[in-house]
Amino acid sequence: MTHKILIADDEPNIVISLEYLLQREGYAVVIARDGQEALEAIARERPALVLLDVMMPHKSGFEVCQAVRADEALAHTKILMLTAKGRETDVAKGTALGANAYMTKPFSTRELVQKVAELLGETPA
Amino acid sequence: MKKIDPRLLLAIAATGLVMALWLVLMATIVWSTLGGAEREAVGGVLAPRMALLALGWVFGLGIVAVVLQQLHRRYVGAPKRLLEETRVVLAAATPQKLKPRGTAEMQALAIAVNELADQRDGLRADMADQVQQASERVQQEKNRLAALMAELNQSVVVCNRDGRILLYNQRARQQFRQLSQGAGAAAGAELIGIGRSIYAVLDQQLVAHALERIHQALGRGVATPSAQFVTTTPGGHLLRVQVAPVRESADDAAGNGPGTEAVSGLVLMLDDVTASVQEEAERDQLMHGLTEGSRASLANIQTAVDMLGYSDLDAAMRERFLGVVRDEVGAMGRRVTDLAQRATQRLKTRWPMEDMLGADLVTAAQRRIAQHCDRPVTLDAIDTSLWLKVDSYTLLLALTYLAHRLVDEFEVRFLQLRLQPAGKHAQLDLVWSGQAMSNETVMSWEMDTMRFGNERSPLTVRDVVERHGGEMWFERERARHQAFFRFMLPLASVQGALETPLGESGFSRPEYYDFDLFQKSDVGSALDDRPLSELAYTVFDTETTGLNPAGGDAIIQIGAARIVNGKLLRQECFEQLVDPGRGIPAASIPIHGITEDMVAGKPRIGEVIPVFHAFAQDTVLVAHNAAFDMRFLQLQEKDTGVVFHQPVLDTLLLSAVVHPHQESHRLEAIAERFNVTVLGRHTALGDALVTAEIWLRLIPLLQEQGIHTLRQAREAAQKTYYARLKY
């Protein structure tokens, strides 16, 4: 079965690359440009995993993460946070709010792909 | 005529009686020895001469009386007089002497008394001398402390345990002036003043918490405890406050264990950190921009580059990824350039720089260079209005060092300094003319550590320039056969805002403190039962467009002065012109001298009253004919919502209490009676000051009449005839 992945980031320059990368890996990719859009897309598309940027307009990644975790129906959604915020406190906050993994920009695409597979591999297909 | 001592009369009477009895006794004895015929013969002889006998008795008695009186005068009267005179000497405040009189014994006694009196006067003079010396010393110390505080470039406020201010310095006054919200009316005097509460500016809870921490530290045996906190003022400034306790002297606290030492007051050092906190925040923002901003860009580039590595990429996708890389690299380049620019502007404050008037720096440089290089230095094109942010010591060092090498190696004869603004910087030029020299030679100097004469510094000219976040270069003006070093130096952002205006710091400095307030405590008696001599007063006066407040007349000026602890604080005054929002009748202008031009653009009464109310907080209001002024203030209560609950005293009424038989109780008349010099009469502040002087002289006169407390003064005022007048 093809996993569906939502990329939520307001920077088109990274969305292009991530979209290409993940499609190449065989995932179905959905895009959201801000926090609000991301929440709507999650509810509608039910992606297996969300690549969530922290700094987005309207709703921050932290808020989106919190909202998703508050919704029982979305409990199985994996969240991988991507952020330029590299401080320990930010990582701690992300994981505390329910992110499954946290990657600091810049990151290597190989690691990202690995991490995504790892996260999705745990879910029974 | 002197009253005769009854004891003398008694003694004379007794003697007369004894004489008569003695005569009768002798006569009886003689009578009993006579026979019948003899008795008849003697009786016959004596009977017609009884009168003579009685006369003899009276005469004898007269002699006795005279003798007795003489004796009495000498031995009873004289000691009595001596006693009276001795009592006078005893009570005398100034040295006095007895006149030795009378018997030898009396004279000796008088001399002995005189010696005792001498001894006493000597001791008394000695003691007065010592007291005088001691109090002079104390006064001197107080003045020295006050002078020291006044010169300090940091805000210092000392208050007692209740938060009443005992001392503040010039800097604190200026700082409070900045914090004051009242547009210039009281110039911060409603916030800071002798006897005022510091809690008007600082949250009482914060101070209490600081005090608690100090007590804890004292309990742990810390020798010099202090606490610090940062707070925002109503005006939005950030204040860092350092608190140190004023402890009772070691002698007073002796016997108490550590930690039980009493704290009698607080020393507060205030720092307005608004600007530096803002700088800190901006610096943070820069750091943030450098890290997080770059991270995101780097991520974008890296991911795109990774994608470009795939060999099966079609041409369109490749172009898109290349576009991302170009875009992000460009954005990063712009960001770094921008940050670098802002960083040099913002980060210059790292090294503690001082604000310095450019002209001062140039003059100092001129003197130093002339002294070290033995060459004349002229000044040219100096912009005297420039304020620089510099580390003057190292900068002077650099200038002198360069001049020194010019003179030493190229025998330059004349040097010149120039200072001109250049955008956000100032350019300081060290100019010379003479022998040509290569750029390389001269520019190599900036990399050498500075050494000349006895001066040795590990720094290079380049270090100094970098410390200032500035630049320095060598330039030639061929046309004028001149060359110069140009220093670009940062300008001070606030151009000497806190410079003390000349003349303000010099006069009546002692009014900035009143250490007697250390002993005062507010708790306990209510205002009404406090002695008049202890209360704080706001003595005020208003000038108005006319005499009829209900008929539309309005206040055009308010002036007020403060009396704390029996002293008139001339430096803590309130003076404000008020735009009445109506015309000023021409007839009234000669009285108050205020024209419509003068009040144009001044604040309205609605803005002034809240500031005045704050100025008069926690004091008793005093005015001459107070009912009149109060009526004007009360008419504004509805509009401003500011109600004057302060007790009010009227010098007109109280003058009538003290001098009920005087015809006039006009301000001028009373001032004349009390010999108060009238200055600036009929300005609100001038009249307020006169009223204040009068009030200070009325207090002791009221005390003589048994009027000691505020309550008694108000009751006495109510009883006078004038109290029945109503406006």
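Miscellaneous remarks
- Filtered residue count, the range B:75-110, keeping only those that are within 24 Å of B:Ala125 (Cα to Cα) and either among the polar types (S, T, N, Q) or touching a Leu at 6+ places or on another chain (Cβ under 6 Å) (or both): 5
- Residue match in the range B:145-152 (condition: at pLDDT 85 or above and of a type outside the set (A, V, I, L, M, F, W, C)): no
- Where helices (runs of 4 or more DSSP H) fall entirely within the range B:30-113, those with at least 1 residues that are in contact with a Gly (Cβ under 7 Å, 6 or more places away or on another chain) and within 30 Å of B:Leu9 (Cα to Cα) are at B:50-72, B:78-91.
- Criterion: surrounded by 15 or more Cβ atoms within 10 Å (Cβ to Cβ) and over 30 Å from B:Arg177 (Cβ atoms) - qualifying residue of B:His661, B:His665: B:His665
- Residues within the range B:343-373 that are assigned to a helix (DSSP H, G or I) and either at pLDDT 70 or above or more than 20 Å from B:Val465 (Cβ to Cβ) (or both), tallied: 16
- B:Ala713 falls short on exactly one of the conditions (1) touching a residue at least 40 places away in the same chain (Cβ under 8 Å); (2) more than 24 Å from B:Ala526 (Cβ to Cβ), and that condition is (2).
- Subset of the range B:277-300 [among the polar types (S, T, N, Q) and free of Cβ contacts under 8 Å to residues at least 24 places away in the same chain]: B:Gln278, B:Gln285, B:Thr291
- Given (1) loosely packed, with under 12 Cβ neighbours inside 10 Å; (2) modelled with pLDDT under 80; (3) of a type outside the set (Ser, Thr, Tyr), index of the condition B:Lys99 fails: (2)
- Of the residues making up the range B:641-685, those that are under 26 Å from the mean Cα position of the chain (by Cα), more than 18 Å from B:Leu701 (Cα to Cα) and free of Cβ contacts under 8 Å to residues at least 24 places away in the same chain number 5.
- Filter result for B:Ala436 (surrounded by fewer than 18 Cβ atoms within 10 Å (Cβ to Cβ), in the same structural domain as B:Phe474 (by TED's automatic domain parsing) and either in a loop (DSSP other than H, G, I, E, B) or of a type in the set (Val, Ile, Thr) (or both)): yes
- Restricting A:Arg33, A:Arg24, A:Arg46 to those that are of a type outside the set (Ser, Thr, Tyr), touching a helix residue (DSSP H, G or I) at 6+ places or on another chain (Cβ under 9 Å) and at the interface with chain B (Cβ under 10 Å from one of its Cβ atoms) reduces the list to A:Arg24.
- Residue satisfying all of: in the range A:87-112; of a type in the set (A, V, I, L, M) and within 10 Å of chain B (Cβ to nearest Cβ); nearest to B:Met287 (Cα to Cα) among these: A:Met103
- Residue list for the range B:376-400, restricted to those being exposed (fewer than 14 other Cβ atoms within 10 Å of the Cβ) and in a loop (DSSP other than H, G, I, E, B): B:Pro376, B:Thr384, B:Ser385
- Restricting the range B:143-168 to residues that are over 11 Å from the mean Cα position of the chain (by Cα), under 16 Å from B:Asp272 (Cα atoms) and in contact (Cβ under 8 Å) with a residue 40 or more places away in the chain leaves a set whose member that is surrounded by the most Cβ atoms within 10 Å (Cβ to Cβ) is B:Ser155.
- Of the helices (runs of 4 or more DSSP H) lying entirely inside the range B:216-321, those containing at least 2 residues that are within 12 Å of chain A (Cβ to nearest Cβ) and either modelled with pLDDT of 85 or more or in contact with a helix residue (DSSP H, G or I) (Cβ under 8 Å, 6 or more places away or on another chain) (or both) are B:294-308.
- Answer residue from the range A:1-21, given it is away from every other protein chain (no Cβ under 14 Å) and surrounded by fewer than 19 Cβ atoms within 10 Å (Cβ to Cβ) and is farthest from A:Thr109 (Cα to Cα) among those: A:Met1
- Residues being acidic (Asp, Glu) and part of a loop (DSSP other than H, G, I, E, B) - total across the range B:536-553: 1
- Looking only at the range B:683-721, residues that are surrounded by fewer than 21 Cβ atoms within 10 Å (Cβ to Cβ) and in contact with a His (Cβ under 6 Å, 6 or more places away or on another chain) come to 0 in all.
- Annotation note: Cβ proximity below 7 Å between a residue of the range B:398-414 that is in the same structural domain as B:Ala370 (by TED's automatic domain parsing) and a residue that is in a helix (DSSP H, G or I) and among the charged types (D, E, K, R) (sequence gap 6+ or interchain) occurs for B:Thr400/B:Arg368.
- Residue in the range B:439-454 that is surrounded by the fewest Cβ atoms within 10 Å (Cβ to Cβ), counting only those that are of a type outside the set (Gly, Ala, Ser) and part of a helix (DSSP H, G or I): B:Glu440
The values are calculated or read from the model by the stated rules, or taken from the named source; none is laboratory data. None of these values were measured; they are calculated from a predicted model. Quick reminder, even Gly has a Cβ in these numbers, built from the backbone with ideal geometry, and neighbours come from all protein chains shown.
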